[in-house]
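The values are calculated or read from the model by the stated rules, or taken from the named source; none is laboratory data. These numbers were taken from a predicted model, which means no experiment stands behind them. Glycine gets a Cβ as well: all are built from the backbone with ideal geometry, and neighbour counts include every protein chain shown.
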Amino acid sequence: MKTMLLTLIAVLFCIGGAFAQSNQGILEKIDNIRAPGKTFTFNLKVTVHTPEKEQVTELFVRTKDSKKSLVFYKSPASEKGKIMLMVDDNMWIYMPGNRRPIRISPQQQILGRVSNADVARVVFNLDYRVDSVKNGRIDNKDALSISLKARTAGAAYSSIDVWAEKETYRLMKADFFALSGSLLKTTHYRGYETILDAERPTILEVRDSMKKDEYTVMEYSNMKVEETPETHFQSTYMERLSSR
Amino acid sequence: MMTLLRASALLLLLSLGLLPIDACAEGFAFDASGRITEQVIYLDLKKDYLLNPGAGSASSPRWTNRLYLYESVTVSYKNARFVGRMRPTLLSTPGGYSEGDFLTDDAYVEMRFQDRYFAYAGKRNIREGVAYGANPVDFLGEKKKVDWTLREEERRVEREGNYLAGLDLFFRNATLTAIFAPHLSGNQQEEDRLLLKAAFLLERIKTDATLLYYYGDKPGAGLAVSTTAGHSLVLYTESALRWNEGRGKIRMISARTPRTYALVDPGDDSGTYLNLVVGGQYTFDNKVNIIGEYIYNGEGYDACDWRNYIDFVKYAHVNREKGFVSGLMSSYLAQANSITTFGQMRRNYLFARINKPDIGGKIDGSLVFVGNLDDRSCLLSPSLVYRLNDRVALTASAQFFIGNKDIEYGMIPWQNAVSAGISVFF
């Protein structure tokens, strides 16, 4: 009897583990659509739309081993030369006018409703774990509704609800929540194009939940698999990168 | 003639700066960026202050117009690069006085080896430290002149560099640095200085740590640490232990009229002292960022030293006004001016800054408070940056110095300062 009970517990653990692995596997498939690998580069144009103005910022991003990113500001002229570095949950900003890298928190947002992490991180699975996966429908398509929870207190959001096409795992929409549980923003993933042998979203539209008349559009282009030396991902190196 | 030459150099650089230069050829790269700023500064000069006219700092005009270019140029060829950051400046006043100056923050050549070893030589403004209100570990920059009319964050950035030679070695999550800044008669008055530095990233605990050793006129060792705590908070501390020399102190030698005072040579007062900053910055959901720092300045005067200093200044001021041995009194005041460094006179300070970016989508607003906890004098400095478009920004800032005329911030020669300007970025 005792042996049977132990066997049953072991089987239940295995099944639970398999489910968890399967859920995390779904998230990895979604991430693989957004990122062509662990090490790559891309251009990013961020346009913040408010009733008063339209502000465009052009960035160049280098990522390495998924968890390291360098974000170079190319325009506007007043921002040119600024660099942001992210290594795991560590973030620094280097402004040519400041002459030293400054450690910043993930909360320090840079462009409209887009946070540092939104720009520097392309994948979810480093900062979030799958809490649940449900079937549903969105935009008249069968979809998976995946609830993500932050792995650490340093993650940009407390939780994220992600919607992806059931057949293709293509991201469709994500709701981002604060620790209080309030909805901060919603992102729609659009403009799917074949890039590096896969259909990937090139346009992200970010809508603020509080300011309904404001939204931010992130446009990805020129995605390449390209190596960046390890030493470049150090805050002390940032000054040397500013003019390259 | 010199003014004309400097003005011509300024115009030439202005023209160069306006060119949209960003060239690149085989192994060669050229990049230029910067801004032109036109700024009007008004100083609400006090009619009567203790470190009074005739002793140095009172000749400032009320209105000053400052036109300056901040030009950053980088020329790279293969493994070498030249970095230049210049500030040609033209100052003019309503009285018709004008003065040109060509300030060089950086002008150095750097060689790169294997992308991880760098050797450089020339003039370079190196800024150390993690804090905002004070940087005890900023050893090479500690004697640089502070321009109070600049916005707080610009004061330690826009300053002339040191002539030096250095070596940086990069390893995984660690950087080692050695810098030598020699005494150069006529160009660099400080004695030979050496700075050794080791910077580490402790990735798992989200912490940067920098250890420094400094040999120079005031030898010392320093430590700077910063860490991220959760989603919104960054905490940091930096400290420097200095030995052998502290701030010069005033001692009365004789009470017989006229009194005799002497500045005690800090070298005779040997010992160690600690400079320390502990602080943090927090960012709220609505992007408001607040910084709070406690600053301990071990070199500053304690209550007794301050009383000696202020008695000395008052004695010289009152007697000079009366015309009593005015030559001696003027020399006393000149001596007092030479040891007065506002913001570093006492031991305990509080620094705070609140910043709200993106007000109405175009305005960045800040309010800085620096308080002397020993005498309760303080500085309040609001500033606004209004972005007209991607290339043009309007700036306005003010400094209000609060305190009686015999306490630190109340001793500054002007009660308030206001400046407004326009910057064009290129």
(request) Consider A:GLU214 carefully, then state whether it is surrounded by fewer than 19 Cβ atoms within 10 Å (Cβ to Cβ), modelled with pLDDT of 90 or more and on the phi < 0 side of the Ramachandran plot. (result) no
(request) Would you mention how many residues in the stretch A:76-96 are within 7 Å of chain B (Cβ to nearest Cβ) and more than 22 Å from the chain's Cα centre (by Cα)? (result) 6
(message) Looking at the stretch B:385-394, can you tell me whether even one residue there is within 20 Å of the chain's Cα centre (by Cα) and either of a type in the set (A, V, I, L, M) or farther than 30 Å from B:TRP306 by Cα (or both)?
(response) no
(message) I'd like to know if the stretch B:220-242 contains one or more residues that are surrounded by fewer than 16 Cβ atoms within 10 Å (Cβ to Cβ) and more than 12 Å from chain A (Cβ to nearest Cβ).
(response) no
(request) Test each condition in (1) touching a residue at least 12 places away in the same chain (Cβ under 8 Å); (2) in a loop (DSSP other than H, G, I, E, B) for B:HIS231 and report the one that comes out false. (result) (1)
(message) I need every pair where a residue in the stretch A:227-241 that is within 9 Å of chain B (Cβ to nearest Cβ) and within 14 Å of A:ILE102 (Cα to Cα) has its Cβ under 8 Å from the Cβ of a residue that is assigned to a helix (DSSP H, G or I) and β-branched (Val, Ile, Thr), sequence separation at least 6 or different chains.
(response) A:TYR237/A:THR231
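Inspect all residues belonging to the stretch B:202-209 and state whether any of them is assigned to a strand (DSSP E or B), buried (at least 19 other Cβ atoms within 10 Å of the Cβ) and out of contact with any Leu (no Cβ under 6 Å at 6 or more places or on another chain).
The answer is no; no qualifying residue exists.
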(message) Out of the strands (runs of 3 or more DSSP E) lying entirely within the stretch B:1-110, which hold 2 or more residues that are at pLDDT 80 or above and touching an Asp or Glu at 6+ places or on another chain (Cβ under 7 Å)?
(response) B:28-45, B:63-77, B:80-92
(message) Go through the stretch B:388-420 and report how many residues are surrounded by 19 or more Cβ atoms within 10 Å (Cβ to Cβ) and within 14 Å of chain A (Cβ to nearest Cβ).
(response) 1
(request) Could you list, in sequence order, all residues of the stretch B:312-327 that are of a type outside the set (Ser, Thr, Tyr) and over 24 Å from B:LYS249 (Cβ atoms)? (result) B:GLU321, B:LYS322, B:GLY323, B:PHE324
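Somewhere in the stretch B:301-308, is a residue part of a helix (DSSP H, G or I) and either touching a Leu at 6+ places or on another chain (Cβ under 9 Å) or without any contact (Cβ under 8 Å) to a residue 40 or more places away in the chain (or both)? Give the derivation first.
Step one: filter the stretch B:301-308 for residues part of a helix (DSSP H, G or I), giving B:303-308.
From what's left, either touching a Leu at 6+ places or on another chain (Cβ under 9 Å) or without any contact (Cβ under 8 Å) to a residue 40 or more places away in the chain (or both): B:304, B:307.
Within the stretch B:301-308 (the criterion being part of a helix (DSSP H, G or I) and either touching a Leu at 6+ places or on another chain (Cβ under 9 Å) or without any contact (Cβ under 8 Å) to a residue 40 or more places away in the chain (or both)), the answer is yes, since at least one residue qualifies.
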(message) Suppose we filter the stretch A:161-180 for residues that are within 14 Å of chain B (Cβ to nearest Cβ) and either assigned to a strand (DSSP E or B) or in contact (Cβ under 8 Å) with a residue 60 or more places away in the chain (or both); how many remain?
(response) 2
(request) Inspect all residues belonging to the stretch B:232-241 and state whether any of them is over 16 Å from B:GLU293 (Cα atoms), under 23 Å from the mean Cα position of the chain (by Cα) and among the aromatic types (Phe, Trp, Tyr). (result) no
(request) All but one of (1) modelled with pLDDT of 85 or more; (2) away from chain A (no Cβ under 12 Å) hold for B:PHE118, so report the exception by its number. (result) (2)
(message) If I filter the stretch A:47-59 down to residues being within 12 Å of another protein chain (Cβ to nearest Cβ) and β-branched (Val, Ile, Thr), which single residue comes out as surrounded by the most Cβ atoms within 10 Å (Cβ to Cβ)?
(response) A:THR57
(request) Could you check B:VAL313 against (1) surrounded by fewer than 15 Cβ atoms within 10 Å (Cβ to Cβ); (2) in a helix (DSSP H, G or I) and say which number it fails? (result) (1)
(message) Based on this model, can you work out whether A:LEU85 counts as modelled with pLDDT of 90 or more, in contact with a strand residue (DSSP E or B) (Cβ under 6 Å, 6 or more places away or on another chain) and either of a type in the set (A, V, I, L, M, F, W, C) or assigned to a strand (DSSP E or B) (or both)?
(response) yes
(request) Could you list all residues from the stretch B:358-376 that are in contact with a Lys or Arg (Cβ under 9 Å, 6 or more places away or on another chain) and away from every other protein chain (no Cβ under 12 Å)? (result) B:GLY365, B:SER366, B:LEU367, B:VAL368, B:PHE369, B:ASN372, B:LEU373, B:ASP374, B:ASP375
(request) Among residues belonging to the stretch A:60-88 that are over 19 Å from B:ILE205 (Cα atoms) and among the basic types (Lys, Arg), point out the one that is surrounded by the fewest Cβ atoms within 10 Å (Cβ to Cβ). (result) A:LYS74
(message) Exactly one condition in (1) more than 14 Å from chain A (Cβ to nearest Cβ); (2) free of Cβ contacts under 8 Å to residues at least 60 places away in the same chain; (3) within 19 Å of B:GLY371 (Cβ to Cβ); (4) not hydroxyl-bearing (Ser, Thr, Tyr) is false for B:ARG256; which is it?
(response) (3)
(request) Sort through A:ARG103, A:ARG151, A:ARG129, A:ARG99 and tell me the only one that's in contact (Cβ under 8 Å) with a residue 40 or more places away in the chain, farther than 28 Å from A:ASP213 by Cα and more than 10 Å from every other protein chain (Cβ to nearest Cβ). (result) A:ARG129
(request) Can you work out which of the residues in the stretch B:183-216 that are acidic (Asp, Glu) and farther than 16 Å from A:GLU230 by Cα is nearest to the other protein chains (Cβ to nearest Cβ)? (result) B:ASP208
(request) For the stretch B:280-337, name all the residues that are polar (S, T, N, Q), within 23 Å of the chain's Cα centre (by Cα) and within 14 Å of chain A (Cβ to nearest Cβ). (result) B:GLN281, B:ASN289
(request) Determine if the stretch B:159-182 includes at least one residue that is outside any strand (DSSP E or B) and more than 14 Å from chain A (Cβ to nearest Cβ). (result) yes
